[in-house]
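Participant: Take this structure, written in structure tokens, and hold onto it; I'll ask about it next.
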Amino acid sequence: MKESAIRIGMWSGPRNISTALMRAWDSRPATFVTDEPLYSHYLATTGADHPARDLILEGQERDWREVVAWLTGPIPEGRGTWYQKHMGHHLTPDVDRDWIWKLRNCFLIREPREMITSYIRIVPEPTPHDLALPQQVELFEEVRRSTGQVPPVIDSRDVLDDPERVLTLLTRALNLEFDPRMLSWEPGLRSTDGIWAPHWYDSVARTTGFGPYRPKKDEVPRHLAQVHTECNELYELLYSHRLH
């Protein structure tokens with residue numbers, strides 16, 4: 001394993017622009033990307049009923065120890081940088097955290113109303129933990145305490161409003177150079193996408209770059225008002241540290 005190997009852990013929540021952001025990093029030369037490597041472990045541990053559940057459990061390693069050994073081993077294909085797209089809620093309590101300090105950790109957030117109203121089309125009764133904000137805040141604080149520095153946080157709307165500016169800020173915060181090739185990519189699904197891509201990635205598969213921000217008018221259902229309130233409090237904490 002090369003000492004110069006760079007591993008980036010981007011911790012996101014569902015129904016964010018995390019897949020588009022993975023496309024951007026995949027466009028960088030010498031960068032390998034990985035799509036939600038702990039998803040199968042999460043499904044096996046929680047029993048969550050997601051689209052393609054059985055296919056994911058059969059097709060992706062579910063033992064988190066094996067996954068972590070791979071994520072911290074040699075970067076595939078001899079690449080110099082490994083961009084790992086993680087969902088915060090996949091980091092279940094039984095997963096050891098020591099390996100995370102081998103990553104350059106950063107966080108992707110989205111305004112909760114927009115995230116919730118999108119997610120309930122797939123999972124009708126989400127909790128704050130399903131939306132990953134409690135886990136994101138917990139990990140954010142752990143990284144800040146461990147490193148003595150505020151880890152990079154980017155907001156989805158900021159990225160869509162000005163992708164070049166925000167990706168420049170992000171790469172700089174990760175001690176990397178911005179590459180303009182991150183702003184565009186070929187349409188379609190790809191081999192680095194997770195098994196679940198046909199169920200979740202229809203929109204991003206049609207893109208060739210970051211589209212403009214489009215406000216959502218949907219309101220959070222009344223019975224999820226407390227979930228919305230809890231998520232907003234956590235979101236505001238992370239948002240106050242965002243790169244802008």
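Participant: Out of all the residues in segment 60-75, is one or more within 29 Å of Tyr213 (Cβ to Cβ) and not small (Gly, Ala, Ser)? Before you say what the answer is, go through the steps one by one.
Facilitator: We begin by selecting, within segment 60-75, every residue within 29 Å of Tyr213 (Cβ to Cβ); these are none.
There is no residue in segment 60-75 that is within 29 Å of Tyr213 (Cβ to Cβ) and not small (Gly, Ala, Ser).
Results for (1) at pLDDT 95 or above; (2) in contact with a Gly (Cβ under 9 Å, 6 or more places away or on another chain), shown as yes or no for each residue.
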| residue | (1), (2) |
| --- | --- |
| Ile116 | yes, no |
| Val123 | no, no |
| Pro128 | yes, no |
| Leu139 | yes, yes |
| Leu167 | yes, no |
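Participant: What number goes with the only condition from (1) more than 27 Å from Thr168 (Cβ to Cβ); (2) touching a strand residue (DSSP E or B) at 6+ places or on another chain (Cβ under 6 Å) that Ser184 does not pass?
Facilitator: Failing condition for Ser184: (1).
Participant: Could you go through segment 217-230 and let me know if any residue there is more than 26 Å from Tyr42 (Cα to Cα) and among the polar types (S, T, N, Q).
Facilitator: no
Participant: Return the pairs, sorted by first residue and then second, in which the second residue is surrounded by fewer than 18 Cβ atoms within 10 Å (Cβ to Cβ) and small (Gly, Ala, Ser), the first residue lies in segment 125-150 and is under 30 Å from Arg222 (Cα atoms) and touching a residue at least 40 places away in the same chain (Cβ under 8 Å), the beta carbons are less than 9 Å apart, and the residues are 6+ apart or on different chains.
Facilitator: Asp130/Ala48
Participant: On to the next question. Here are His223, His228: which of them is surrounded by 11 or more Cβ atoms within 10 Å (Cβ to Cβ), assigned to a helix (DSSP H, G or I) and at pLDDT 95 or above?
Facilitator: Values: His223 fails: surrounded by 11 or more Cβ atoms within 10 Å (Cβ to Cβ).
Every option except His228 fails the conditions.
Participant: Please verify whether segment 145-153 includes one or more residues that are crowded, with 19+ Cβ neighbours inside 10 Å, modelled with pLDDT of 95 or more and of a type in the set (Val, Ile, Thr). I'd like the intermediate steps shown before the answer.
Facilitator: The first filter runs over segment 145-153 and keeps only residues crowded, with 19+ Cβ neighbours inside 10 Å, leaving 151-153.
Restricting the remaining residues to those that are modelled with pLDDT of 95 or more gives 151-153.
Next cut, of a type in the set (Val, Ile, Thr) only: 153.
Checking segment 145-153: at least one residue is crowded, with 19+ Cβ neighbours inside 10 Å, modelled with pLDDT of 95 or more and of a type in the set (Val, Ile, Thr).
Participant: In segment 158-210, how many are out of contact with any His (no Cβ under 8 Å at 6 or more places or on another chain), buried (at least 17 other Cβ atoms within 10 Å of the Cβ), outside any loop (DSSP other than H, G, I, E, B) and of a type in the set (D, E, K, R)?
Facilitator: Total satisfying the criteria: 0.
Participant: Can you name every residue in segment 61-96 that is under 25 Å from Thr127 (Cα atoms) and either in contact with a Leu (Cβ under 8 Å, 6 or more places away or on another chain) or surrounded by 14 or more Cβ atoms within 10 Å (Cβ to Cβ) (or both)? Give the steps one after another, and end with the answer.
Facilitator: Filtering segment 61-96 down to residues under 25 Å from Thr127 (Cα atoms) leaves 62-64, 84-96.
Arg62, Trp64, Gln84, Lys85, His86, Met87, Gly88, His89, His90, Leu91, Thr92, Val95 - these are the residues of segment 61-96 that are under 25 Å from Thr127 (Cα atoms) and either in contact with a Leu (Cβ under 8 Å, 6 or more places away or on another chain) or surrounded by 14 or more Cβ atoms within 10 Å (Cβ to Cβ) (or both).
The values are calculated or read from the model by the stated rules, or taken from the named source; none is laboratory data. The structure displayed is predicted, hence computed values, not measured ones. Cβ sites come from the backbone with ideal geometry, for glycine too, and all protein chains shown count toward neighbours.
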